[in-house]
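This report concerns only the one structure given below.
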Amino acid sequence: MEVLGSLVMLALLLLAPLLLAFIVYCGYVHWVHMKYDHIPGAPRESFLLGHLPILWRLMKKNEFIHDLFLEWAQKYGPILRLNAFHRVSVMILSPEGVKEILMSPQYQKDPRTYNNICNLFGERFLGNSLVTERNYERWHKQRKIMDPAFSRTYLIGLMETFNEKAEELMEKLEEKAEGKKEFSMLTMMSRVTLDVIAKVAFGLELKTLSDDQTPFPNAVTTIMKAMTETRIPFVKYMPGKQKLIKEIQASVRLLRRVGRECIKQRREAVENGKEATMDILTQILKGDALKEMRDDENMLDNFVAFFVAGHETTANQLSFTVMAVAQHPEILERLQAEVDEVIGAKRHIDYEDLCKLKYLSQVLKESLRLYPPIPGTLRWTETETVVDGIKIPANTTLNFSTYVMGRMEKFFKDPLTFNPERFSKDAPKPYYSYFPFSLGPRSCIGQAFAQMEAKVVMAKLLQRFEFQLVPGQSFKLLDIGTFRPSDGVMCKLKPRSHKKDVQM
């Protein structure tokens, strides 16, 4: 009995500090609640877990969490509180709030989110790239160096590559265009956009349209899976995850190894005055940029960022656009009529042609409203901020959702209807409620690039094929860090008949 009593006393002595720590933590959580409880929001389901049990249930059912945020916005108002343990984030769905925060350089990106993708499981991933760099001065220095590579004049010179890779896609689609083969449009769009970004940005010929089993495309695919894994706390310690984590680490190393070789070769060519490949990397390394950006690791950060973001988002946008127009025959017919009038039967699309495809521009914008590949963006308050009369404490994550705002009746009439006329010349412009490429000084550097590429691919697709969706698809959205069609947009194709001969 004496030994048993000693063991009980020892257990109590060991448990006492843990119990005390738990009580102190609960007190801290209560203090946090007091700071934020004046902000509207759905009732917390748990004192400690906050809203997490609600979100976990939706995830378990494969439901789309962002639709819940839309529901809450309509019920509780444009400023929403989201609780998880001792952390509270605030969703800003007010045009005035969007304008105030996103248009100002003083609000940095959220450290909790963006620090998670600087490294992936111990491997440097996006590092201090344009995507993740939080310090405005350092970010601005990078952006200034890279801006010329994304100027209108330079991008016009890339039309040759846009046409070349889009033609390769059309050739692959022709093999499927007998009206019976079912295929994933998302898969095909992912391959072509990866080929485009590789050649246009870095002079690489990946040829994933011909062979998608090469290591580089597989590495990019694996890394996209990693974006969801990083959201799970302590995932690297979970049973059964070790194999995937090793694959992710190897994929990141491969991307950076290829990028390092690209940068080395191109820098030597520029320094030696040799005629180098005309791609974005060469443009960045010209002139003053060569002296400014000596940090190869930082260049590699942006190499990886362009590859991962530059193909995934455009592929998703193109797939969503096909999914939408295939469900609206009248829109598809009008698109094809415009393409026939502007492009005719010629194979090479000029920049001037893109400017004339007004209705296609409207369709692409409407696709981004209803199905944005990137849900929104995040900022951080270093000091107390007042938005719409509501005080938001310092050191708070601010969440901005173009997806939610794009589906709210107060900003867009009949918001769930796909209606390209919202973006016609005479239609009222959305007031800080539409930002698929973010807004303000930290808006996406590649948005003009992405929309030129999307226009070329869509114009050729509309010119050459009749497409229909395979019945039985859900048309739901899947969140893997970016939004993509959950069923992959399964299609069947038939060639369009043209009276005129094709002009070469």
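The values are calculated or read from the model by the stated rules, or taken from the named source; none is laboratory data. Model, not experiment: these values are computed from the prediction. Using ideal geometry, Cβ is built from the backbone for each residue, glycine included, and neighbour counts are taken over all protein chains shown.
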Residue pairs qualifying under the 9 Å Cβ cut-off, at least six apart or on distinct chains, with the first in segment 17-41 being under 30 Å from LEU70 (Cα atoms) and without any contact (Cβ under 8 Å) to a residue 60 or more places away in the chain and the second being among the charged types (D, E, K, R) and assigned to a loop (DSSP other than H, G, I, E, B), are HIS33/ARG44
Out of all the residues in segment 111-138, which are of a type in the set (Gly, Ala, Ser) and crowded, with 18+ Cβ neighbours inside 10 Å?
-> GLY127, SER129
Residues in segment 298-355 that are under 23 Å from the mean Cα position of the chain (by Cα) and among the charged types (D, E, K, R): how many?
-> 2
Check every one of the helices (runs of 4 or more DSSP H) wholly within segment 1-110 and list those with 2 or more residues that are in contact with a helix residue (DSSP H, G or I) (Cβ under 7 Å, 6 or more places away or on another chain).
-> 52-60, 65-76
Index of the failed condition, LYS356 passing every other in (1) modelled with pLDDT of 95 or more; (2) more than 25 Å from PRO436 (Cα to Cα) = (2)
Do any helices (runs of 4 or more DSSP H) entirely within segment 287-350 hold 2 or more residues that are at pLDDT 85 or above, in contact with a strand residue (DSSP E or B) (Cβ under 6 Å, 6 or more places away or on another chain) and closer than 23 Å to MET188 by Cα, and if so, which?
-> 296-326
Test: THR193 is at pLDDT 80 or above, under 20 Å from ILE480 (Cβ atoms), of a type in the set (Ser, Thr, Tyr) and crowded, with 21+ Cβ neighbours inside 10 Å = yes
PRO420, sole failed condition from (1) over 21 Å from the mean Cα position of the chain (by Cα); (2) within 30 Å of LYS199 (Cα to Cα) = (2)
Qualifying positions in segment 139-186 - surrounded by 15 or more Cβ atoms within 10 Å (Cβ to Cβ), of a type in the set (Ser, Thr, Tyr) and either under 22 Å from the mean Cα position of the chain (by Cα) or not in a helix (DSSP H, G or I) (or both) = SER184
Residues LEU493, LEU439: which one is surrounded by 21 or more Cβ atoms within 10 Å (Cβ to Cβ), in contact (Cβ under 8 Å) with a residue 40 or more places away in the chain and among the hydrophobic types (A, V, I, L, M, F, W, C)?
-> LEU493
Single unsatisfied condition, LEU254 versus (1) among the aliphatic types (A, V, I, L, M); (2) surrounded by 20 or more Cβ atoms within 10 Å (Cβ to Cβ); (3) modelled with pLDDT of 90 or more | (2)
If you check GLY240 against the conditions, is it modelled with pLDDT under 80 and at positive phi?
-> yes
Per-region count, segment 73-86, residues of a type outside the set (Ser, Thr, Tyr), surrounded by fewer than 20 Cβ atoms within 10 Å (Cβ to Cβ) and free of Cβ contacts under 8 Å to residues at least 60 places away in the same chain | 4
Please work out if PHE400 is at pLDDT 95 or above, buried (at least 22 other Cβ atoms within 10 Å of the Cβ) and not in a helix (DSSP H, G or I).
-> yes
Any pair with Cβ under 7 angstrom, 6 or more apart, that starts in segment 56-69 at a residue that is under 16 Å from ASN83 (Cα atoms) and ends at one that is modelled with pLDDT of 95 or more and not in a helix (DSSP H, G or I) = HIS66/SER401; PHE69/MET91; PHE69/SER401
State all residues of segment 319-366 that are more than 20 Å from ARG422 (Cα to Cα), crowded, with 21+ Cβ neighbours inside 10 Å and not β-branched (Val, Ile, Thr); if no residue qualifies, say none.
-> SER319
Looking at segment 202-226, which of its residues are over 28 Å from VAL325 (Cβ atoms) and either in contact with a strand residue (DSSP E or B) (Cβ under 6 Å, 6 or more places away or on another chain) or assigned to a helix (DSSP H, G or I) (or both)?
-> PHE202, PRO215, PHE216, ASN218, ALA219, THR222, ILE223, LYS225, ALA226
Any residue at all in segment 103-112 that is aliphatic (A, V, I, L, M) and touching a Gly at 6+ places or on another chain (Cβ under 6 Å)?
-> yes
Using beta carbons and a limit of 7 Å, which pairs, at least six apart or on different chains, have the first residue in segment 327-347 and in contact (Cβ under 8 Å) with a residue 12 or more places away in the chain and the second one among the acidic types (Asp, Glu) and part of a helix (DSSP H, G or I)?
-> VAL342/ASP353; ILE343/ASP353; ARG347/GLU167
